[in-house]
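Read the figures in this text as sums done on the coordinates, not as results from a lab. Values in this document were obtained by computation on a predicted structure and should not be read as measured data. FYI the Cβ positions are ideal-geometry reconstructions off the backbone, even for glycines, and counts take in every protein chain you see.
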Amino acid sequence: YRGPLDVPADLATDCVRAVLDADVDVAISAAMDVDHGTVQPLQKLFGDAIAKPVIPVFINSVATPFGPMRR
């Protein structure tokens with residue numbers, strides 16, 4: 001699959017606000033490219049990567065700085 005996902009922007013914004021209100025540092029992207037690691041599970045679960053609205057959440061586990069484990 002190549003193309004945009006069906007992301008409910010208002011709900012995604014509300015989620016970001018809630019996380020920030022909990023004092024967790026986050027970054028947002030309005031144009032994040034997702035790879036097969038995101039798309040393949042959606043295809044397996046729903047038959048198509050855009051069958052359902054989805055809010056992708058990227059958790060950095062590759063490069064420093066890492067967030068504390070308590071988060």
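Helix-only estimate, please: 222 nm mean residue ellipticity of the chain, summing -39500 (n - 2.57) across DSSP H runs of length 4 or more and dividing by its residues, to the nearest 500.
Values: 2 runs with 24 residues, N = 71.
The per-residue figure over the chain is -10500 deg cm²/dmol.
Using the number of other C-beta atoms within 10 angstrom as an exposure proxy, rank V57, V39 with the fewest first.
Details: V57 10, V39 19.
With the sparsest Cβ surroundings first, the list reads V57, V39.
Multiply the residue separation of L45 and T64 by 0.36 nm, subtract the distance between their alpha-carbon atoms, and state the gained length in nm to one decimal. Intermediate values should be presented prior to the final figure.
Working: separation 19, 0.36 × 19 = 6.84 nm, distance 3.18 nm.
Stretched out fully, the L45 to T64 stretch lengthens by 3.7 nm.
Measure nothing but the geometry: give the 0 to 90° angle between the long axis through the Cα atoms of 9-21 and the longest principal axis through the Cα atoms of the chain, rounded to 10°.
The answer is roughly 20 degrees.
Answer rounded, prolate or oblate for segment 8-71, using the Cα gyration tensor with square roots of eigenvalues a ≥ b ≥ c: rounded when a/c is under 1.5, else prolate when a/b is larger than b/c, else oblate.
Working: a/c = 2.35, a/b = 1.45, b/c = 1.62.
Cα axes put segment 8-71 in the oblate bin.
Once fully extended, how much extra length lies between V57 and V7, figured as 0.36 nm per residue of separation less the alpha-carbon to alpha-carbon distance? Please list the in-between numbers first.
Numbers: separation 50, 0.36 × 50 = 18.00 nm, distance 1.12 nm.
Net length gain for the segment: 16.9 nm.
With contacts defined as alpha carbon pairs under 8 Å and 6 or more residues apart, what's the relative contact order of the chain in percent? Could you put the intermediate results ahead of the total?
Working: 34 pairs, mean separation 29.4, N = 71.
Reported relative contact order: 41 percent.
Most exposed first by the Cβ proxy, i.e. fewest other Cβ within 10 Å, how do D21, D6 rank? Mind dumping the intermediate values first?
Details: D21 8, D6 12.
Fewest to most other Cβ atoms nearby, the residues stand as D21, D6.
Tilt of helix 36-46 relative to the longest C-alpha principal axis of the chain, in degrees (0 to 90, nearest 10)?
Approximately 60 degrees, to the nearest 10.
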